[in-house]
Amino acid sequence: MGKLDKRVAIVTGGSTGIGRNIAMEFAKEGAKVVIGSRNVPNLEKVVEEIKALGGHCIGIATDVSVAEQVRNLAKQTVDNFGRIDILVNNAGICHSATLLEMTEEYWDEVLDVNLKGVFLCTQAVAGYMVKQKYGKIINISSNSGRGGGLDDYANYCVSKAGVIQLTKSSAFELGPYGINVNAIAPGAIMTDMDKRYMTPEHYKQYKEGRKAMAVLGRIGSTQDIANLALFLASDDSSFICGETVAIDGGRYDRM
């Protein structure tokens with residue numbers, strides 16, 4: 001028996017990195033998984049990987065900043081599996097620039113995906129969960145949204161701070177219907193996204209700096225986040241709601 005047997009989970013941004021690991025972990029624990037992603041080649045690859053392990057999974061090309069596509073993601077999930085029990089709002093992007101150099105396009109795109117996307121996905125699934133009187137919504141925020149800002153990433157930090165407050169607001173409204181809404185705030189985690197937005201030298205400095213800031217002395221892994229997401233998605237966390245759980249190796253500046 002898996003911790004998520006008979007549950008149906010949507011994972012946005014589930015084709016790479018943290019989202020991929022969460023989708024794989026949920027499938028191993030018995031959930032039927034629906035992955036939403038703009039990266040169709042990687043999306044198809046992860047779906048096949050989960051199926052090869054004996055899991056149930058479908059992929060739906062989805063841009064979470066587009067309401068119509070988000071509504072389709074929710075509808076297709078219900079059409080295929082009959083219900084929605086778990087939503088992981090993981091889709092996220094970065095665009096680096098100083099405040100003086102930040103373009104309106106960079107600002108809007110990051111806020112549209114990282115914050116508006118969480119709102120649209122939560123809104124799209126909440127109606128189904130309210131009818132069931134059950135649901136688990138897990139929002140992926142960041143330590144950067146808790147005050148651990150990054151140079152040249154004001155748009156990203158603001159979006160992740162917004163996710164934390166949206167988590168609280170959603171919990172207030174949805175908690176009475178048996179829906180647990182919580183957020184995860186990762187510290188430094190090794191993902192391809194970090195490598196994509198940093199030069200090799202910057203990435204090396206970033207890793208060493210973040211290791212030194214953690215009492216555990218290491219960078220986190222995507223599996224670390226998946227393990228926490230599994231706990232919040234399972235009934236083991238049934239009395240946790242409206243919280244943002246830091247997972248950062250024990251940051252000296254956060255203790």
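The values are calculated or read from the model by the stated rules, or taken from the named source; none is laboratory data. As the structure is a computational prediction, the values presented were derived from the model and not from experiment. Methodologically, a virtual Cβ is constructed for each residue, glycine included, from the backbone with ideal geometry; neighbour enumeration extends over all protein chains shown.
Within the range 146-164, not a single residue is in contact (Cβ under 8 Å) with a residue 24 or more places away in the chain, of a type outside the set (Gly, Ala, Ser) and farther than 24 Å from Glu109 by Cα. Summed over the range 1-31, residues that are over 14 Å from the mean Cα position of the chain (by Cα), basic (Lys, Arg) and crowded, with 23+ Cβ neighbours inside 10 Å total 1. A single member of Asn182, Asn139 is touching an Asp or Glu at 6+ places or on another chain (Cβ under 8 Å), modelled with pLDDT of 95 or more and closer than 24 Å to Ala214 by Cα, and it is Asn182.
Is the range 215-230 home to any residue that is touching a residue at least 24 places away in the same chain (Cβ under 8 Å), within 30 Å of Glu173 (Cα to Cα) and not in a helix (DSSP H, G or I)? Within the range 215-230, not a single residue is touching a residue at least 24 places away in the same chain (Cβ under 8 Å), within 30 Å of Glu173 (Cα to Cα) and not in a helix (DSSP H, G or I).
Counting just the residues of the range 77-105 that are part of a helix (DSSP H, G or I) and crowded, with 17+ Cβ neighbours inside 10 Å, which one comes out farthest from the chain's Cα centre (by Cα)? Give the steps one after another, and end with the answer.
Of the range 77-105, the ones part of a helix (DSSP H, G or I) are 77-81, 104-105.
From what's left, crowded, with 17+ Cβ neighbours inside 10 Å: 77, 81.
Working: Thr77: 18, Phe81: 21 Å.
That would be Phe81.
When the residues of the range 107-142 are narrowed to those that are among the hydrophobic types (A, V, I, L, M, F, W, C) and touching a Phe, Trp or Tyr at 6+ places or on another chain (Cβ under 8 Å), which ends up surrounded by the fewest Cβ atoms within 10 Å (Cβ to Cβ)?
Val130
Look through the range 234-255, keep the residues that are among the aliphatic types (A, V, I, L, M) and under 18 Å from Asn143 (Cβ atoms), and return whichever of them is surrounded by the most Cβ atoms within 10 Å (Cβ to Cβ).
Of everything passing the filter in the range 234-255, Ala246 is surrounded by the most Cβ atoms within 10 Å (Cβ to Cβ).
Taking the listed residues Asp151, Asp112, the one that is over 11 Å from the mean Cα position of the chain (by Cα), at pLDDT below 95 and charged (D, E, K, R) is Asp151, with no other qualifying.
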